[in-house]
1. Within the stretch B:92-112, is even one residue touching a Ser or Thr at 6+ places or on another chain (Cβ under 9 Å) and over 27 Å from B:T237 (Cβ atoms)?
2. Using beta carbons and a limit of 7 Å, which pairs, at least six apart or on different chains, have the first residue in the stretch B:127-142 and in contact (Cβ under 8 Å) with a residue 60 or more places away in the chain and the second one surrounded by fewer than 24 Cβ atoms within 10 Å (Cβ to Cβ) and basic (K, R)?
3. Got a number for residues in the stretch B:93-122 being crowded, with 23+ Cβ neighbours inside 10 Å, in contact (Cβ under 8 Å) with a residue 60 or more places away in the chain and within 20 Å of the chain's Cα centre (by Cα)?
4. If you go through the stretch A:186-198 one residue at a time, do you hit one that is of a type in the set (G, A, S) and more than 16 Å from the chain's Cα centre (by Cα)?
5. Please specify each residue of the stretch A:30-63 satisfying the condition of being within 11 Å of another protein chain (Cβ to nearest Cβ), aliphatic (A, V, I, L, M) and in contact (Cβ under 8 Å) with a residue 40 or more places away in the chain.
6. Residues that are farther than 23 Å from B:R181 by Cβ and at pLDDT below 80: which helices (runs of 4 or more DSSP H) entirely in the stretch B:230-301 hold 2 or more of them?
7. Checking the conditions here, which among B:G199, B:G204, B:G128 is touching a Cys at 6+ places or on another chain (Cβ under 6 Å) and at pLDDT 90 or above?
Protein chains: 2
Amino acid sequence: MSAITDQLASDAHLAELKGPVASIEAYMGRFLDQRPMAANLREAICYSLLGQGKRLRPILVIRACEAVGGIGDKALGPATAIEMVHCFSLVHDDLPAMDDDDLRRGQATLHVHTNEAMAILAGDAMLGLAFELIVANVEPASKATGLLRELSTATNDMIIGQVYDTLPQVDDRIEPIDRLRAVHRHKTSALIRCACRMGAMCGGASDDQLAAITTYGEAIGLMFQVVDDLLDVTRSTEQLGKASHKDAKQGKLTYPSVLGIESSRREVQRLHGQAVEALQVFGEAARPLADLGDYMAVRTR
Amino acid sequence: MSAITDQLASDAHLAELKGPVASIEAYMGRFLDQRPMAANLREAICYSLLGQGKRLRPILVIRACEAVGGIGDKALGPATAIEMVHCFSLVHDDLPAMDDDDLRRGQATLHVHTNEAMAILAGDAMLGLAFELIVANVEPASKATGLLRELSTATNDMIIGQVYDTLPQVDDRIEPIDRLRAVHRHKTSALIRCACRMGAMCGGASDDQLAAITTYGEAIGLMFQVVDDLLDVTRSTEQLGKASHKDAKQGKLTYPSVLGIESSRREVQRLHGQAVEALQVFGEAARPLADLGDYMAVRTR
């Protein structure tokens, strides 16, 4: 990571990494166009899903597929499904009864743009449609069930992580750093790990390849959340496109609050190193995944 | 239906129909015990799922499986999954931003018993766990994907029906009765039809058998909602175990409001006749399904 120390490098990487984004967004748009539904529900889902997302998880699906020798375009369905699950979680997390956020991805959150009832239902629909999309578009059945096993488990772990985070039942026998790691493993890492594994499975990964991609996915998943915690402390709302400094306001357990800012930065480096090492076996084929890891370590929003 | 005209007959049928309920509830309890999750989330899910439900949908799964010659116990996983989806929809529909109900199945609704954040997350989790349960417990993969196709499509149609019902965009070119049928087909009938089809698929139904069970499922699904609309007008909150007279208060389109009470009762008879007729081909094996149809036509809560 030492070579990537400034915003310019980060932006350059980001542009390069954005390759599959157009295909992913086109696939999402087509799926939503074709699925019969109430017009106002479609509008709400499009507003959330087709806004300014980083598309990190679907890009990971495509790039992990390619890293193990598969054709990225064949993973577009699962890539779209995981972005829908991610988007469902954002819409519900932003609700007044949850984090009560007005701003997301630089625009009004869905319940502000429409209303709470629609945000609840559109979130529900995105979750349900993610499963429908895979069932309807992946063959053979054994591959579909493998992907659905990954996606359903990760989705439920993510929801459990949200419960740990939003409605904690503090067990004082467990050290704060261990509680924090458990929250992060569920809340953020589960779905990022799942994206990597689903991509590798779409690409026909061997057991060894899948294990290496899983190690990479777990490391960048945890790293993503440590960086998120750091950004919440160090960046403004305008820079982030969502509310900043809210973890402290809500008294949430975060890496900076438990370890301090400098130790948190070292944790980012450690996890980044783990991720890079796991990719060695793939050689050049994993260059885009390595670049994604680099970008995620230094991203600024 | 003419033979079944009073509460006594209804109660007698109900007791007889309750056969598989103990197995279903035991299966649900075991699944929730085994799935690692936050203790407060588990408590919330158990509160909603293991309360006093009628278990109509899971019983339909079991009985439809048996009607086509299958072993009912082999459909317990899918039966539990569909009850979880149903329960997810109740928990979210009861939220303050939706129907704002305090009472459900004779007890406080989940957001009143815990809080809104937990009700949102527990609903999300029940939806996600329904899919996880089928993926983890049904083999071979081709059977699992068949069931998941039914469940995901019906779930999404149900959510779309809830949007039509809660956030209607009225198109005056469509007659009220046609709008009403569209709402009911999505909101209620989709999941009841799905329960019947999933059961038949678990039982290894032929195409003809599946078609007959589908006709039955669609008829009783629509009938269920007409009866629900009638009960809302004719019964008290205490009798229903949930708020009554709320459709009129919320200005919702219902069968009694569009057709009047007597015509709605005739619609119940018409749909009940359709359902009974569709079961003829199964002979005695479909007796429990026919009894369920009889019960649903005369139920009083």
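The values are calculated or read from the model by the stated rules, or taken from the named source; none is laboratory data. What you see is a predicted model; the values in this text were computed from it and never measured. Neighbour counts are summed over all protein chains in view; Cβ atoms, including those assigned to glycine, are modelled from backbone coordinates with ideal geometry.
1. no
2. These pairs meet every condition: B:L129/B:R35.
3. 4
4. Scanning the stretch A:186-198 turns up no residue that is of a type in the set (G, A, S) and more than 16 Å from the chain's Cα centre (by Cα).
5. Residues satisfying the conditions are A:M37, A:L41, A:A44, A:I45.
6. Output list reads B:237-240.
7. B:G199
Quick grid of which residues meet (1) under 19 Å from A:C194 (Cα atoms); (2) under 19 Å from the mean Cα position of the chain (by Cα):
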{"residue": "A:L222", "(1), (2)": "yes, yes"}
{"residue": "A:T237", "(1), (2)": "no, no"}
{"residue": "A:K242", "(1), (2)": "no, yes"}
{"residue": "A:H245", "(1), (2)": "no, no"}
{"residue": "A:G260", "(1), (2)": "no, no"}
{"residue": "A:H272", "(1), (2)": "yes, yes"}
{"residue": "A:V276", "(1), (2)": "yes, yes"}
{"residue": "A:E284", "(1), (2)": "no, no"}
{"residue": "A:M296", "(1), (2)": "yes, yes"}
